[in-house]
1. I'd like the residue in segment 236-273 that is part of a helix (DSSP H, G or I) and of a type in the set (Ser, Thr, Tyr) and, out of all such residues, is nearest to Ser226 (Cα to Cα).
2. Looking at segment 355-468, what strands (runs of 3 or more DSSP E) fall wholly within it and have at least 3 residues that are out of contact with any helix residue (DSSP H, G or I) (no Cβ under 6 Å at 6 or more places or on another chain) and not aromatic (Phe, Trp, Tyr)?
3. Mind listing whichever residues of segment 109-122 are surrounded by 15 or more Cβ atoms within 10 Å (Cβ to Cβ), closer than 18 Å to Leu152 by Cβ and free of Cβ contacts under 8 Å to residues at least 40 places away in the same chain?
4. Does segment 151-162 contain any residue that is out of contact with any Asp or Glu (no Cβ under 8 Å at 6 or more places or on another chain), charged (D, E, K, R) and within 20 Å of Ala86 (Cα to Cα)?
5. Go through Lys231, Lys272 for me and flag whichever is over 16 Å from Leu213 (Cα atoms), basic (Lys, Arg) and surrounded by 15 or more Cβ atoms within 10 Å (Cβ to Cβ).
6. Condition test on Ala107, is it among the small types (Gly, Ala, Ser) and under 37 Å from the mean Cα position of the chain (by Cα)?
7. How many of the residues making up segment 105-121 are under 15 Å from Leu166 (Cα atoms) and among the charged types (D, E, K, R)?
8. Going through Val391, Val399, Val416, Val355 one at a time, which residue ends up being crowded, with 17+ Cβ neighbours inside 10 Å and free of Cβ contacts under 8 Å to residues at least 24 places away in the same chain?
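The values are calculated or read from the model by the stated rules, or taken from the named source; none is laboratory data. Quick caveat, the model's predicted, so the values are computed rather than measured. Note that each Cβ is placed from the backbone with ideal geometry, even for glycine, and that neighbours are counted across all protein chains shown.
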Amino acid sequence: MAPPNKKVKKEVGHEEKAGSLRIAAENKLTRTPETSTELKGQNPEQLIHELQVHQIELEMKEEELRRIQHELEKSRYQYINLYELAPVGYLSLNDKRLVTKANLTAATLLGIERNKIINRGFSVFIAPEHQTTWLRYFQALSRQGEKSVINLTIRREDSTTFPGRLEGTCIGFDDSSFVIHMTISDISDIVAVQEDLRTSHSRLESAMETGNLAWWEMDCATGNVSFNERKARMLGYPAEQFSHYSDFTTLVYPDDYEPTMQAMRDHLSGVKKNYETDYRIRTIDGDYRWFHDTGGISAYDQDGVPLRVTGLVMDITERKTVEIALAESEQRYRLLIDGVPDYILVHRNGRILFVNPAAIEVIGRQARDLVGSDILDYIAPESRALVVAMVTKRAIGEVIHPYEITIITKMGERRVAEVHGSPIMYEGLPASLNVLSDITERKQAEEALLVRERAYRTLAENLPGIQP
């Protein structure tokens, strides 16, 4: 037997509906006490026309109703999708904290089928350590009637947990009945970012503590400052003592005050790209410590006028102490080296790196011309092979004993020098330090003695009766 034709069934259903409507209409007509005055006095043709027009109007209204119904269904479908597939979970709770409604997202977050969450106490989805917090939140929410947010650890159906955020509002019906509309969301990503920020902040604080660093910020209009309390602690003062930049600058060593203020003025006026200066500042004990201060404009107004300057300050007292000691030591040794009559030079593989004034004087060239030149340029030809051999031996680590060479002065004079050398580190690289003692006069004296000795010996040998 062939299946029934759907179109025929539809038409039959329509006819049955129309028949029932006709019967209902006739019954209503019989109950109407009078005929409409609009129809009195009209002939059958006019009545038929009027009925046809009326029928068309009804059909048009019916079509409009169908269109409106379609739009409503479409809108309803869209809202259902928005509700069910929203990126956050939607929940409705009654005054017993039982779940009365939940969307698919909420059920997914909680790891449970939606039909199993309805009429279930929401407290089972709160981690044990947050049960008291949840109860207080719910009670406060039911009383205040305003939107409230809380972060709690949410427990899924399988007992796994995640950091969640609840945002709820209460709608009251009477004194004893209300409903809580609430959203639930997984904030694991936010918590992870916050944890990374806390870790980074902790590392930064640790690094700043280790490096004797502290941040500061100044309001350009008022001069008020905010700062890391470490800045005050480095000086031994309570942080409450400082609120304006002048509270710090009054402690700056008098000789450093104006250069420090000028450095800030140069930066704010655009003369210098950054603010950077070193100064001494008085501690609570009356001593002075060296600070290195650096910063820059961190905010401008709409007209380009500086609003804030932000920077870092570092306690460099130990470094400055070393630098000053090194500078003083260098000065002492420079005075010593500059004052000795010996020729002192430093070379690397035969290229001169440093010469003292005595060497400059005897060679007769400026220091800037000597640096970088070859030492052989100032050695007599008969001594060059010896110098090259000694340089090579010292380069491979052999011990070199003092030796004599002949050098040529600016006047072309030949001078004999005794060379004492040793390996050193110069500007971070291996080099050779050489001290050349001028022994020309000594050699000449020795030669003169030898000549006299030979003369005396010859004379003695030629005297009668005297044996050498």
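1. Tyr245
2. Per the criteria, 414-426, 429-438.
3. Within segment 109-122, Ile117, Arg120, Phe122 qualify.
4. yes
5. Being over 16 Å from Leu213 (Cα atoms), basic (Lys, Arg) and surrounded by 15 or more Cβ atoms within 10 Å (Cβ to Cβ) holds for just one of Lys231, Lys272, which is Lys272.
6. No: the conditions fail for Ala107.
7. Summing the residues that are under 15 Å from Leu166 (Cα atoms) and among the charged types (D, E, K, R) in segment 105-121 gives 0.
8. The unique qualifying residue is Val355.
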